[in-house]
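Colleague: Mind looking over this structure? Questions follow.
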Amino acid sequence: MTTLLKLNEVEAHYGPVQALRDVSLTVSEGEVVAVLGANGAGKTTTLRAISGTVTRSGGIELDGKEIRGGPEAAAKAGIAHVPEGRGTFVELTVTENLRLGAYTRRDRNVKKDIERMSEYFPWMVERGGQRAGTLSGGEQQMLALARALMSRPRLLLLDEPSLGLAPMIVREFFRIVRELNEKEGLTVLVVEQDARIALRSSSRAYVLEVGRVALTGTSAQLQGDESVRRSYLGY
Amino acid sequence: MQQVVSGLASGGVYAALALALVIIHRSTGVINFSQGEMATLCTYIAWTLTVNHEWSYWPAFVATLGFSFLFGVVTHRVVIRPVERGNILRVVIVTIGLLIAINGFVVWQWSGEPQALASPFGTDTFDIGGVIVSVGDIGTLAVTIGIVILLWLLFQFTKVGLALRAAAVNPNEARLVGVRVTWMLALGWGLAAVLGAVAGMLTAPSVGLDPQMMQPILIYAFAAAVLGGVDSPLGAVVGGLTLGVMLNLIGVYVDFVGAELKLPVALLVILVVLVLRPSGLFGRPEVKRV
């Protein structure tokens, strides 16, 4: 498998506070990789460093090419970031959210892709005129995912998709992510508090602790190791 | 009835300027106090083109819109953007500074003498079932409605319009999907300046072109925007037309108000709306999350 994303000794700061220290990780094409860890371990910051929404240093390469600049540049390079707490434009309609997802695209298949979203989200097309803010939490999370897909991303970044959602909806969400990965070869880097479901849906995982990579391995290994589960994953 | 039609015409002008205020408020979160002066400057450009360079009206009209668009974009990039982060008061003060600076420039460049800008519609009137209607009023109304529809199409059906709205409602999210938000804000300022120029060029023929021309209009536009809800483009249009008709009727039928007290009435409207319904007719009340 070829390496799609490579982080090499990445550091990130919020003002004087250092949030990431020497984080190195790789994601191969077609892989689902999880980033786990406690609150404040730097999971969200890792994603923000990749999409350029936080000041960072160190090397971040997509397809062997260094990514520089803000989130606009990352979006153009093919990175779709679904931020924490639903990434939707609540004042715009479902269809408008999807159209915005395709903002960086120059081809003419956007309409077709919007219709295709009903394969994964059957309710979405017929409710295209509804304002995103009036959707339920779970539907908004699905819409955020669909919007990210609309950019036909090389790499999908998911930040705590389970946050504030009912367990059943979380399972449905991850089922769709797995299906996208298997059917369409979508590469995913997912940050989760809910280690159980994240490990079940990924092939490899990194565990962060106070801004560093404390542990890495295949998801099966981490799931099987009871001491790891107790001390790092809390279940 | 006559008063209603001419009220609609002046209301159209208020609506255009109010819409300019709303566009900037939605994206930048501030009221642009220099909106009226920017419009005055653009109207002087139109006057210079038609009188000094002897252009005919419509080419000058279009050229002025082009100029005002660039003027708005450059104003945002050069003057507003450096102070945009942080305290909103800074931006407000800068727009007030712009008001004074542009006004000073206009007086220096064109003198304070009132000038006459020709009306493209002439001064004819005609009679529809006993109602005397002036061509100028109808033309004014038609141009504003036309511009509003064009803007609506832009915002609703084009990619750039969608990006403009996205940048206004959620700039961080917009950047994540690849929208260059600072350029969208500049574009918003450009569109607002265009609306202002339209308002200015439609106002000048009836009130005369002088450096203070747009100042009362700006107050009416404030009232219209507040009435409609300062975040609602539709509200700005409805508010503008309503205010135009209302002020005209009051000016004619309420003896003690007359023409002189129209401005205080507009201020009264602002006050009453802010007290009774701060979000205006079409605005959504601000919901604070606890």
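Nothing in this text is a laboratory measurement; each read-out follows from the coordinates by a stated rule. Just so it is clear, the model here is predicted, and its values are computed rather than measured. No Cβ is skipped: glycine too gets one built from the backbone with ideal geometry, and neighbour counts run over all protein chains shown.
Colleague: Once you charge only the Cβ atoms, +1 for Lys and Arg and -1 for Asp and Glu, what is the size of the charge dipole of chain A about its Cα centre, to the nearest 20 debye?
Modeller: Once rounded to the nearest 20, the dipole reads 360 debye.
Colleague: Can you compute the charge dipole magnitude of chain B about its Cα centre, using +1 on each Lys and Arg Cβ and -1 on each Asp and Glu Cβ, nothing else charged? Give it in debye, rounded to the nearest 20.
Modeller: Once rounded to the nearest 20, the dipole reads 1480 debye.
Colleague: Is segment A:189-235 rounded, prolate or oblate when judged by the Cα gyration tensor, a ≥ b ≥ c being the square roots of its eigenvalues, rounded requiring a/c under 1.5 and prolate requiring a/b larger than b/c?
Modeller: Taking the square roots of the gyration eigenvalues as a ≥ b ≥ c, segment A:189-235 is rounded.
Colleague: Which pairs in the list A:Lys43/A:Lys111; A:Lys43/B:Lys159; A:Lys65/A:Lys183; A:Lys111/B:Lys159 are over 24 Å apart, alpha-carbon to alpha-carbon?
Modeller: Cα-Cα > 24 Å for A:Lys43/A:Lys111; A:Lys43/B:Lys159; A:Lys65/A:Lys183; rest within.
Colleague: Rounded to the nearest 500 deg cm²/dmol, what is the calculated helix-only ellipticity per residue at 222 nm for the protein assembly as shown, with -39500 (n - 2.57) per DSSP H run of length n ≥ 4? Don't skip to the answer; put the middle values down first.
Modeller: Values: 19 runs with 276 residues, N = 525.
That calculation yields -17000 deg cm²/dmol at 222 nm.
Colleague: Let me ask you something else. So which residue, out of A:Gln193, A:Gln141, A:Gln18, gets the largest mean-square fluctuation from a GNM of chain A using Cα contacts under 10 Å as springs?
Modeller: Between A:Gln193, A:Gln141, A:Gln18, it is A:Gln18 that shows the largest mean-square fluctuation.
Colleague: Per residue and in Å³, how big is the convex hull formed by the alpha-carbon atoms of segment B:41-123?
Modeller: In segment B:41-123, the Cα convex hull volume per residue is 114 Å³.
Colleague: Compute the length gained on full extension between B:Arg81 and B:Thr158: take 0.36 nm times their separation in residues and subtract their Cα-Cα distance, giving the result in nm to one decimal.
Modeller: In short, 25.2 nm is gained.
Colleague: Would you report the distance distribution of C-alpha pairs in segment A:9-108 as whole percents per 10 angstrom bin, up to the bin with the largest distance?
Modeller: Calculated over all Cα pairs of segment A:9-108, the distribution is 13, 41, 33, 12, 0 percent.
Colleague: Within a 10 angstrom radius of each residue's Cβ in B:134-145, how many Cβ atoms of other chains show up on average? Whole number is fine.
Modeller: Rounded to a whole number, the mean comes out at 0.
Colleague: May I ask which residue of A:Gln141, A:Leu98, A:Asn109 lies farthest towards the positive end of the charge dipole of segment A:88-157, with charges of +1 (Lys, Arg) and -1 (Asp, Glu) on Cβ and the Cα centre as origin?
Modeller: Among A:Gln141, A:Leu98, A:Asn109, the one farthest towards the positive end of the dipole of segment A:88-157 is A:Asn109.
Colleague: Rounded to the nearest angstrom and ordered from largest down, what semi-axes does the equivalent ellipsoid of segment B:109-259 get from its C-alpha gyration tensor (root of 5λ)?
Modeller: On the way: eigenvalues 223, 68, 55 Å².
They are 33, 18, 17 Å, listed from largest to smallest.
Colleague: Taking the mean number of other Cβ atoms within 10 Å as a proxy for protection, how do you rank B:41-53, A:127-139 from highest to lowest?
Modeller: With the highest mean Cβ count within 10 Å placed first, the list reads B:41-53, A:127-139.
Colleague: For the ranges A:3-15, B:16-28, A:194-206, what's the packing order if you count other beta-carbon atoms within 10 Å of each residue, average per peptide, and put the highest first? Don't skip to the answer; put the middle values down first.
Modeller: Values: A:3-15: 16.5, B:16-28: 27.2, A:194-206: 21.1.
Per-residue mean Cβ counts within 10 Å order the peptides as B:16-28, A:194-206, A:3-15.
Colleague: Before anything else, pin down the relative contact order of chain A: Cα pairs under 8 Å, at least 6 apart, normalised by residue count, whole percent. Walk me through the numbers before you get to the answer.
Modeller: Values: 460 pairs, mean separation 65.3, N = 235.
That works out to 28 percent.
Colleague: Under the definition of partner shielding as Cβ atoms of other protein chains within 10 Å of a residue Cβ, what is the mean value for peptide A:62-72? Each step should come with its number before you reach the end.
Modeller: Working: counts 0, 0, 0, 0, 0, 0, 0, 0, 4, 9, 10.
Shielding by partners across A:62-72 averages 2.
Colleague: Among residues other than B:Val131 whose Cβ falls under 15 Å from its Cβ, what is the net charge (Lys/Arg +1, Asp/Glu -1)?
Modeller: So the surrounding residues net to -3.
Colleague: For peptide A:97-105, what's the mean number of Cβ atoms from other chains within 10 Å of each residue's Cβ?
Modeller: Working: counts 4, 0, 5, 12, 3, 3, 11, 3, 2.
The per-residue average across the peptide is 5.
Colleague: To continue, here is another question. Would you work out which of B:Ala46, B:Gly12, B:Gly97 lies farthest towards the positive end of the dipole of segment B:1-103? Charges go on Cβ: Lys and Arg +1, Asp and Glu -1.
Modeller: Highest projection toward the positive end goes to B:Gly97.
Colleague: For segment B:137-180 and segment A:1-35, compute the distance between their C-alpha centroids and round to whole Å.
Modeller: 38
Colleague: Based on Cα positions only, what radius of gyration and what Dmax would you give for chain B, in angstroms?
Modeller: In order Rg, Dmax, the Cα atoms of chain B give 18.7, 61 Å.
Colleague: Checking a compactness column here: for segment B:141-226, what do you get for Rg(Cα) / (2.2 N^0.38 Å), N being the number of residues?
Modeller: 1.31
Colleague: For segment B:48-178, compute Rh as the Kirkwood radius over C-alpha pairs and then the Stokes-Einstein diffusion coefficient at 4 °C and 1.567 mPa s; write the answer in µm²/s, rounded to an integer.
Modeller: Working: Rh = 18.9 Å.
Estimated via Stokes-Einstein, D reaches 69 µm²/s.
Colleague: Given charges of +1 on the Cβ of Lys and Arg and -1 on the Cβ of Asp and Glu, with all other atoms neutral, how large is the dipole of the protein assembly as shown about its Cα centre, in debye to the nearest 20?
Modeller: 1300
Colleague: What number, in percent, do you get for the relative contact order of segment A:95-224 if the mean sequence gap of Cα pairs under 8 Å and at least 6 apart is divided by its residue count?
Modeller: Here the relative contact order equals 20 percent.
Colleague: Can you give me the convex hull volume of the Cα atoms of the protein assembly as shown, divided per residue and expressed in Å³?
Modeller: Value for the protein assembly as shown: 178 Å³ per residue.
Colleague: Say we join alpha carbon atoms closer than 10 Å with springs in a Gaussian network model of chain B; which of B:Phe67, B:Phe121, B:Phe256 then has the biggest fluctuation?
Modeller: The residue that fluctuates most here is B:Phe256.
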